[in-house]
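A short write-up of the structure that comes next.
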Amino acid sequence: MSTGPSAALETPTLDSESPTLLRRITSEGGYAFASMVTRAAAGDARAAEAAKEMAWEQLHSGPWHAVVPIWRDAYSMACLHVAKHHYAAGELKPALGALDMGLIMGGLTLRGDLNLCIEKVNAAFGGIGVSDNREGRQNGQWSKEFDLEKVLRVLPVKSLSCKVMEKKSGLSLEGFLREHLVPGSPVILCDSMTHWPAMNKWNDTNYLKQVAGFRTVPVEVGKNYLSQEWKQELITFSEFLERIISNEYCSANVTYLAQHQLFDQIQELKHDIVIPDYCFAGGGEIKSVNAWFGPPGTVTPLHHDPHHNILAQVVGKKYVRLYPASISEELYPHSESMLSNSSQVDIDDIDEQEFPKVLDLDFIDCILEEGEMLYIPPKWWHYVRSLTTSFSVSFWWSNMVDE
Ligand SMILES: O=C(O)CCC(=O)C(=O)O
């Protein structure tokens, strides 16, 4: 698309902080980067791209945690310059793409500028996205098709035959604290998300396309993150929706927008969710809010996390199986430190020779329904499979009562 935007993108923090940032970048050996950015600021579009490439290489020079933090700000800086050049040339989609990359991969210093520019580019689009009224789909609503018999055939053995998850409606904060948070006991919380705007809006693919269609998002492709062929891709939200709608991807190359801080990236979607008060019942502090969005058949293999978690089901249904933290050793955690919170056991295909004890272990499971929130205590093992198109939000938090 090529239109004539009214004025240049404004970047107040970049304008005022550039000298300081460039000094810090050169002190980390980034002389060539600093020279490219200086040329980019003087109007050289190719230098902006080159600076972005240089910073990208630094971000991929080793494990993510080992990247010198200033290179993340350097990356955002270069993305802003690239976006400014595209915007000035009336190239709105590439401008938005560069800004999203800055948000996804960059540091915190220039986030305000990135968001400001995104607002301006969105405004220039004048109502982004394309609506979708193809045959067989009613006004862009997700299909509600669900056949329990069929589903039971794809669920892991023994599913829904053990202890079922407790469900509570209208549970008070005090009740949640006493009966679940402190003892570490899972529960499904009903009727607590009826007021979320997302409950109406996210069932409509036209709405999603409109607010986020041209945005770039990271997705996972493959059976799950433990499988050999698994990879990550960056695609537009529209392309992602298209993959779900066309449903042409089989389980080996299923696309999952998983564990992504989508709501820090796309402000319109952030306004559609509400952090549950339960997260603050014990003096809690939110650690991260993640989106989990995909077609039927996505699997998050058995693993545990260090934080309290509320997994809120906005669209569709998911099967969730939980094993208590106390039986960790019997679930054969991986020995490498990177994967030590994941089990070696494939719950969909348990190897009885290798893991003889697993089939006898008790677990709690459920089908998490639209509008329900599941509390998963810290360190509890969980396996999750989507049964329909599904959009969930997880809230991870830590608590004063834990310390
Ligand atoms: O919904 C999923 O696929 C996984 C959710 C999960 O693992 C989590 O919230 O920690």
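The values are calculated or read from the model by the stated rules, or taken from the named source; none is laboratory data. Because the structure is a prediction, the values reported are computed rather than measured. Here the Cβ is made from the backbone with ideal geometry for all residues, glycine too, and neighbour counts use every protein chain on show. Just so you know, the surface numbers come from the protein's heavy atoms only, side chains and all, with ligands and any DNA or RNA stripped out. Shrake-Rupley method; radii C 1.70, N 1.55, O 1.52, S 1.80 Å.
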Fill in: Selection from 259, 183, 25, by position along the positive dipole direction of the chain (Cβ)
25
Item to complete: Of all alpha-carbon pairs in the range 12-125, indicate the percentage at a distance above 18 angstrom.
Response: 43
Discussion item. Over the chain, what is the relative contact order in percent, taking alpha-carbon pairs closer than 8 angstrom and at least six residues apart?
Written reply: 16
Practice prompt. Calculate the spin-label point distance for residue 38 paired with residue 173, positioning each point 7 Å from the Cα along the beta-carbon direction, and give it in nanometres.
Written response: 5.5
Worksheet item: Under unit Cβ charges (Lys, Arg +1; Asp, Glu -1), what dipole magnitude, rounded to 20 debye, does the range 12-125 have relative to its Cα centre?
Response: 40
Worksheet, complete the sentence: Which of 93/120; 167/317; 120/209; 144/231 exceed 24 Å between C-alpha atoms? The answer is 144/231
Worksheet entry | For the range 203-309: relative contact order, % (alpha-carbon pairs under 8 angstrom, 6 or more apart) | 28
Worksheet entry | Under-5 Å amide H pairs with residue 167, H placed in peptide plane, nonlocal only | 188
Worksheet item: On average, how much accessible surface per residue is there in the chain, in Å², for a 1.4 Å probe, leaving out ligands, DNA and RNA?
Response: 46
Item to complete: Determine the dipole magnitude for the chain: charges of +1 sit on the beta-carbon of Lys and Arg, -1 on that of Asp and Glu, nothing else is charged, the reference point is the Cα centre, and the result goes in debye to the nearest 20.
Response: 760
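Take the solvent-accessible surface of the protein heavy atoms, probe 1.4 Å, and return the percent of it on the chain that carbon and sulfur atoms account for. Intermediate values should be presented prior to the final figure.
Details: 9440 of 18460 Å².
Its accessible area is 51 percent carbon and sulfur atoms.
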Worksheet entry | the range 12-125, relative contact order [Cα under 8 Å, separation at least 6], % | 24
Practice prompt. Would you tally the net charge around residue 50, using a Cβ to Cβ cut-off of less than 13 Å, leaving residue 50 out, and scoring K and R as +1, D and E as -1?
Written response: -1
Fill in: Prolate/oblate/rounded label for the range 148-402 (Cα gyration tensor, a/c 1.5)
oblate
Discussion item. Given the -39500 (n - 2.57) contribution per DSSP H run of 4+ residues, what per-residue ellipticity at 222 nm results for the chain, rounded to the nearest 500 deg cm²/dmol?
Written reply: -9500 deg cm²/dmol
Worksheet, complete the sentence: For residue 155, the residues 5 or more places away or on another chain with a placed amide H closer than 5 Å to its own amide H are none
Fill in: Stretchable slack from residue 23 to residue 60, in nm (0.36 nm times residue separation minus alpha-carbon distance)
11.1 nm
